[in-house]
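Taken together, the values in this text are just the output of simple stated rules run on the coordinates, not laboratory data. Computed from a prediction, not measured in an experiment: that's the story for all the values here. In this analysis, Cβ positions are derived from the backbone assuming ideal geometry, glycine residues included, and neighbour counts consider all displayed protein chains.
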Amino acid sequence: MSDNTPTTPPQETTTRQRLHLVMGGRVKDPRSVEFQDPESIHVVGVFSSYELAEEAWRSNAQRTVDDAEMKYVIVHIHKLLEPTA
C-alpha cells in the first residue's frame with residue numbers, strides 16, 4: 001500500500017553569506033570617516049563573519065591607537081549588495 005500524502009519540499013537551511021570589509025586610513029577629522037586620501041586606504045581584507053572582521057579591525061586599530069588621524073572601520077558589504085536582506 002502506498003502513501004499518497006503530499007510531500008513538502010525541504011526547507012532551505014543555508015544562511016545568507018555575510019561579507020565584511022575591514023579598511024582604514026587617515027581621516028580628515030577623527031570624529032568622521034571622511035578619508036584624507038581615499039586612494040591610499042589600507043584594505044585589510046574581506047571576511048565571512050563579523051567576528052573575524054572585528055578581530056582584524058581590532059588588531060589594526062590597536063597598532064595605530066596613538067595616531068588620532070588613523071581610523072579603521074568595518075563595512076557590511078552584504079548590506080550594500082542586498083539592502084533589503
Count the net charge of all other residues whose Cβ sits under 15 Å from the Cβ of M70, scoring Lys and Arg as +1 and Asp and Glu as -1.
0
Got a sec to turn the phi values of the stretch 19-28 into Karplus ³J(HN,Hα) couplings, 6.51 cos²θ - 1.76 cosθ + 1.60 with θ = phi - 60°, whole Hz, x for Gly and Pro?
9, 10, 9, 10, 8, x, x, 6, 9, 5
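If you average 1/r over every pair of different alpha-carbon atoms in the stretch 11-58 and take one over that average, what Kirkwood value in Å do you get? If you can, show how the numbers build up before the last one.
Numbers: mean 1/r = 0.0801 Å⁻¹.
One over the average 1/r among Cα pairs gives 12.5 Å for the stretch 11-58.
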